[in-house]
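Step one of this worksheet: look at the structure below.
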Amino acid sequence: MSADLSAIKLPPSLRAEQRGAVAVLRLQRAEKRNALNDTLVQGMVTFFDSLPADIRAVVLAGDGEHFSAGLDLAELEERDVFGGIAHSSSWHRAFDRIQFGKAPVVAVLHGAVVGGGLELAAAVHIRVAERSAYYALPEGSRGIFLGGGGSVRLPPLLGVARMMDMMLTGRTLGAEEGQAIGLSQYLVDDGAGMAKALELAERIAGNAPFTNFAVTHMLPRIARSDPAAGFAAEALTAAIAQGEEEAKKRLKAFLNKRGPKVVRG
Ligand code: 1HE
């Protein structure tokens, strides 16, 4: 584990900066519309694996006019079946590091969020979309298939019927449609995404660390398990959470009229 964000060696297509307890990671390949090549994807693995312990939330954003144009099609050289499996598996491992990493991740989505870019967006925890954002799965028209975990992560967000439509007909969804179906949790004006994401990330960074772990690592797994196993895992998680010093401190603060009240949104 690195003690300092600036010590993490990243490729030129990624840039990281620290803002207190929040790390901002930018895809910095605007000239190729932030297309995801192997170097960039491995750079994300390095980043998420090396996050210093004092980073409590991450904001992920793309430079230029688009979040990401997905898989770098220039790298789609002749691969045999097993080469293809290895490539897809490497994306699975990389995006797993994001979904089940050390800190919750908030993404700022704008412009094209397509193909592998949408698969990447599906691996984060909170999606803030700017009005310019649009979503597409052009794999169908390219003669390829999802490979970055989209078959697993996108159905809960989009539904299989909508994915079929997007993949078979090339239909795109606008930012408002994405917000209406719950793909993004926040919709903001163009240019306002980073400020909103930082505000949310700072709030997340202020949570008890075990709660953030439980929400990002346990909740999605419990939600997919059978109810009996789910209830057992939930009970255990709840018991561990409330046994933590941090929880005791926060509960006491509230009971002593020092903790924050829930406010109407
Ligand atoms: C790229 C890529 C890319 C742009 N791979 N080089 N993804 C796609 O099918 C989306 C393909 N891209 C596009 O449809 C458009 O580029 C955009 C709508 C995203 C943006 O349009 P625009 O007009 O702003 O940019 P552009 O002129 O199309 O592209 C600028 C440069 O980026 C250009 O290179 P240049 O050297 O001619 O300047 C493009 O070739 C390059 N570029 N997108 C490589 N994707 C794990 S499986 C995941 C499967 C998928 O992700 S499939 C979806 C792939």
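None of the figures in this text is laboratory data; all of them are computed from the coordinates on show. Just so you know, these numbers come straight off a predicted model, no measurement behind them. Cβ: placed from backbone, ideal geometry, glycine included. Neighbour counts: every protein chain shown.
Of note:
- Comparing 13, 141, 90 in a Gaussian network model of the chain, where Cα atoms under 10 Å apart are tied by springs, the biggest mean-square fluctuation is seen for 141.
- Separation of the alpha carbons by more than 31 angstrom is noted, of 102/261; 9/249; 9/252, for 9/249; 9/252.
- Gained length - residue 65 relative to residue 53, 0.36 nm times residue gap less alpha-carbon distance: 1.1 nm
- Loop-located trypsin sites (Lys or Arg not before Pro) across the stretch 183-265 with a Cβ neighbour count of 14 or fewer within 10 Å are 257, 258, 261, 264, with loop assigned by DSSP.
- Residue separation of residue 238 and residue 21 scaled by 0.36 nm, minus their Cα-Cα distance, works out to 75.6 nm of gained length.
- Label separation (residue 90 vs residue 231): 4.6 nm, computed from points 7 Å beyond Cα along the C-beta direction.
- Under 12 Å, Cβ to Cβ, from residue 185 - net charge with Lys/Arg +1 and Asp/Glu -1: +2
- Cα gyration tensor shape for the stretch 48-97, rounded if a/c is under 1.5, else prolate or oblate: oblate
- This model, with +1 at the C-beta of Lys and Arg and -1 at the C-beta of Asp and Glu, gives the chain a dipole about its Cα centre of some 1160 debye.
- The 3J(HN,Hα) values that the Karplus relation (6.51, -1.76, 1.60; θ = phi - 60°) gives for the stretch 207-220 are, in residue order, 6, 5, x, 5, 5, 4, 4, 4, 5, 8, 9, 8, 3, x Hz. Gly and Pro appear as x.
- Around the amide H of residue 29, modelled in the peptide plane, lie the amide H atoms of 34, 63, all under 5 Å away and 5 or more residues distant in sequence or on another chain.
- Loop-located GluC sites (Glu not before Pro) in the stretch 195-265, at most 14 other Cβ atoms within 10 Å (DSSP): 244
- Here the stretch 114-263 is treated as a Stokes sphere of Kirkwood radius computed over C-alpha pairs; at 10 °C and 1.306 mPa s its diffusion coefficient rounds to 89 µm²/s.
- The chain - share of DSSP beta bridges that are antiparallel (%, nearest 5): 30
- Cross-link partners for residue 248 among the aspartates and glutamates, with Cα-Cα distance under 20 Å and sequence neighbours closer than 8 places in the same chain left out: 234.
- Distance (nanometres) between label positions extended 7 Å along Cα→Cβ at residue 42 and residue 165: 4.0
- According to the Cα-based calculation, Rg over Rh for the chain is 0.98, with Rh computed by the Kirkwood formula.
- Across the stretch 9-95 the C-alpha pair distances fall into 5 Å bins from zero in the proportions 3, 14, 23, 23, 18, 12, 5, 2, 1, 0 percent.
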